[in-house]
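A.B. asks: Encoded as structure tokens, here's the structure I'll be asking about.
The values are calculated or read from the model by the stated rules, or taken from the named source; none is laboratory data. Since we're looking at a predicted model, the values are computed, not measured. Because the Cβ atoms are built from the backbone with ideal geometry, glycine has one as well, and the counts that use them run over all protein chains shown.
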Amino acid sequence: MARESRGKRNKYGLARDIPEGVKRLVRQRSRFGCVICRSAIYDYEHIAPRFKDAKIHDPQSICLLCPGCHRQSTEGTLPAHEIARAYEAIANSECVDPSRRVGFFDLFSANPTIMIGGVRFEGPGAIINIDGRDHLSFIPNCEVGGPRFVINAKFKDRDGRELFRIEANHWICGSDLWDVDIVAGRLIIRRRRGDILLDAEKSAGENMLVIRKMDMLVFPFRIVADGDDLHVWRYTSDGRGFIQLTLSRSSCRGNSCGIFCNSREDVVPRVGQLQLVGGKGVHLDGTGIWLCRGCNVALIGGWGVRAEGCGPKAPPPPPPDRRGQPFFVLGSLTSRVREYPQWTEVEYSLDGYELSDKPVTWGRVDVGDGAPRELCYLDPNEGAPLERCSGYMGPWADWFVDKPWADQVFEVTVRNADGTLARVKKADVEGRDVVESVDDCGRPLVPSVFGGVSPWRPRVE
Ligand SMILES: [Zn+2]
């Protein structure tokens, strides 16, 4: 989505973040959906005045717009006065027709169908869950006047990088790197021209979502929708080998989870038996892969298992290419004092590589193995071959925002008991009220040492 670069505050000093109370009023006034198309996937948009000219966050001039309508608005094909008129009509009407919702992921039947690569998952619930975390779920919503489902989604690309998230029906595009195109009920996300990462379509009276193309890596699992086939991969821990379970022309009904991947279930992946376990679903023993988990009825049209010990390799991590930019390395930072005849110097090493200067650090991180490491942000001219460190991350903070230890690094603004504000690590909030947790693009706040310069991937317009 094309988006103007957004400052933290506008010329009147108004912060981009909208207070929660105002957001709630906006949601209520918008009747929980895009004011144009009634999609239940939305973001908050200043209409008249636009944010750049707004002096306050006025719930009357902020409404909900879905990504598709928002795009039309920024392209100018949907004028602000039209949006304002639709907003007023919805806010003032007693009855809003929910059937006009054509938002992409919102489905309207009590028993929606999600089809992923030729496998139909019928009924609400978790569609994709990996290690206990929903990557796509439609949970029936009991809130009066609210959308039918609480939708959560977390889509990644084949390198494990986040494409977008939907958190309780709030669409969050993590990065503008991707082209997110929603036209006539079809969602296409591209990395670049011709490189489609996700292709999905709403059909059958909007009770069905068909994901035709998807390739999502959540290591050690990979979920691939390719035309009529659904492949679920389990990689070996070194990423060199994999076991692949393929289903095609299959359907299941009333599942508790369509695709359930549990890496904790099996320590060493191996090819075991393909089992149809009554009441539990289809399980490839030795992989932690379950399909149609907990379904009442499963019809399996075609299936296959493929295993390879050493290749094709797992998609490699982002290439260790510094591109003349600062970069992150998580490693063990040590220092020693060197005595020269006339002076002393402190030398710093990271994972044993001697650094040319003292590195900037984002703080100490305990990744859970009891050996805290330093997250260093290093100068592009640093000569040590740090790409070889196992903790090499590359130039962007995007690559570790999802790590379990990220809360020890990213910050939030909290209100102290005496009313003053402070920036603290997310892990150190300690019960205080969080007043700001994301930047103006919805991304976690980085440590304030960078003075607002965030090392996020650059936007591609
Ligand atoms: Zn819309």
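A.B. asks: Can you name the helices (runs of 4 or more DSSP H) wholly within region 1-94 that have at least 1 residues being away from the ligand (no atom under 15 Å from the Cβ)?
C.D. replies: Correct list: 20-29, 80-92.
A.B. asks: Can you tell me how many residues in region 404-445 are touching a Gly at 6+ places or on another chain (Cβ under 9 Å) and acidic (D, E)?
C.D. replies: So the answer is 2.
A.B. asks: Out of all the residues in region 224-242, which are at pLDDT 80 or above and at positive phi?
C.D. replies: The one that is at pLDDT 80 or above and at positive phi: G227.
Here is a yes/no grid of residues against (1) loosely packed, with under 15 Cβ neighbours inside 10 Å; (2) closer than 30 Å to I18 by Cβ; (3) outside the structural domain of D159 (by TED's automatic domain parsing):
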site: D366; (1), (2), (3): yes, no, yes
site: E374; (1), (2), (3): no, no, yes
site: A384; (1), (2), (3): no, no, yes
site: W399; (1), (2), (3): no, yes, yes
site: V424; (1), (2), (3): no, yes, yes
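A.B. asks: Within region 316-324, is even one residue more than 27 Å from D215 (Cα to Cα), at pLDDT 80 or above and outside any strand (DSSP E or B)?
C.D. replies: So far as region 316-324 goes, no, none of its residues is more than 27 Å from D215 (Cα to Cα), at pLDDT 80 or above and outside any strand (DSSP E or B).
A.B. asks: Hey, another quick one. Could you pull out every one of the strands (runs of 3 or more DSSP E) wholly within region 243-303 that has 1 or more residues that are surrounded by fewer than 18 Cβ atoms within 10 Å (Cβ to Cβ)?
C.D. replies: Ranges flagged: 250-253, 274-277, 297-299.
A.B. asks: Still on this structure, please answer the following. From the list W362, W456, pick out the single residue that is hydrophobic (A, V, I, L, M, F, W, C), in contact (Cβ under 8 Å) with a residue 60 or more places away in the chain, part of a loop (DSSP other than H, G, I, E, B) and crowded, with 19+ Cβ neighbours inside 10 Å.
C.D. replies: On inspection, the qualifying residue turns out to be W456.
A.B. asks: Just a yes or no: is a residue in region 366-373 closer than 22 Å to E162 by Cα and at pLDDT 80 or above?
C.D. replies: yes
A.B. asks: Only one residue in L64, L78, L14 is among the aliphatic types (A, V, I, L, M), outside the structural domain of R148 (by TED's automatic domain parsing) and within 22 Å of N141 (Cβ to Cβ), so which one is that?
C.D. replies: Unique residue meeting the criteria: L64.
A.B. asks: Under 8 Å by Cβ, and 6 or more places apart or on different chains, what pairs join a residue from region 62-75 that is in contact (Cβ under 8 Å) with a residue 12 or more places away in the chain with one that is of a type in the set (S, T, N, Q) and within 8 Å of the ligand (Cβ to nearest atom)?
C.D. replies: C66/S39; G68/S39; C69/S39
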